[in-house]
Amino acid sequence: MSNNLLSNITGKYFLIDAGYANSPGFLAPYRGVRYHLSEWSASGNKPQNFKELFNLRHSIARNVIERTFDLFKKRWAILRDASFFDVKTHVMIINACAILHNIIRVEQPNDPYLDEVDAEMRRVQHEVDDEGEMEDEDEENGMEDDGPNNDGGVNAINENRIRTVQPTSEWTQFRNALARAMFIDYQIRQGHHGS
């Protein structure tokens, strides 16, 4: 991975797919456990263990990110095709699109693009969990925790570029602890006790 692409930001994680391994600043879903929202909505089942709940919430978060980019692509043609811009310029373009999107939300409350994406998101969330379990729970579930050694061993702000991505058991243990804490909270909210 190029050391110019990603910065390891303390307290934040990149959500990656199961093709990658847990490593500093990167959290992957559990392999061999239900993941995609279509698997959840088709089955109508609720998570039965910490791995299923983690995968469900990981999938929902990634789905929100993907839907955001889908909305941006619907609205701005510059994002629809491969870009010839360098990464720094492309990041500025995406940030500008996000700012414009927020202005549009304020100035044009009846946005057809947003209505379409929001309706789809509500439908999917309702199918997955009809009791409102999937609201923003980052703080409640420790998602703002820094995680183990999230600075990659580098403390200076200008030096916290990710230089390599290596699987670590430390981050797998962190994911397990986070998933278990989320599941305990989920069980309490559902009125269940035990593991």
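Observations
- Residue-by-residue Karplus 3J(HN,Hα) for the range 31-37, coefficients 6.51, -1.76, 1.60, Hz, glycine and proline x: 7, x, 10, 2, 9, 5, 4
- Residue-wise HN-Hα couplings along the range 77-88, as the Karplus relation 6.51 cos²θ - 1.76 cosθ + 1.60 with θ = phi - 60° gives them from phi, are 4, 4, 9, 7, 10, 4, 9, 9, 6, 6, 4, 4 Hz; Gly and Pro carry x.
- Near the amide H of PHE14, within less than 5 Å, lie the amide hydrogens of PHE26, LEU27, all on another chain or at least 5 residues away, with H placed in the peptide plane.
- Net charge in the neighbourhood of GLU52 (other residues with Cβ under 11 Å of its Cβ; Lys, Arg +1, Asp, Glu -1) is +3.
- For the range 31-87: relative contact order, % (alpha-carbon pairs under 8 angstrom, 6 or more apart): 28
- Most to least accessible of SER23, SER38 (protein chains only, probe 1.4 Å): SER38, SER23
- Ligands, DNA and RNA excluded, the heavy atoms of VAL106 present near 110 Å² of accessible surface to a 1.4 Å solvent probe.
- Local net charge near ASN102, Cβ-Cβ under 13 Å (Lys/Arg +1, Asp/Glu -1): 0
- Over 31 Å (Cα to Cα) - which of LYS46/LYS74; LYS12/LYS74; LYS12/LYS46 fall in this group: LYS46/LYS74
The values are calculated or read from the model by the stated rules, or taken from the named source; none is laboratory data. Because the structure is a prediction, the values reported are computed rather than measured. A quick note on method: Cβ atoms are made from the backbone with ideal geometry, for glycine too, and the neighbour counts reach across all protein chains shown. When the accessible area is computed, the model is the full protein with side chains, heavy atoms only, and any ligands, DNA or RNA have been set aside. Shrake-Rupley method; radii C 1.70, N 1.55, O 1.52, S 1.80 Å.
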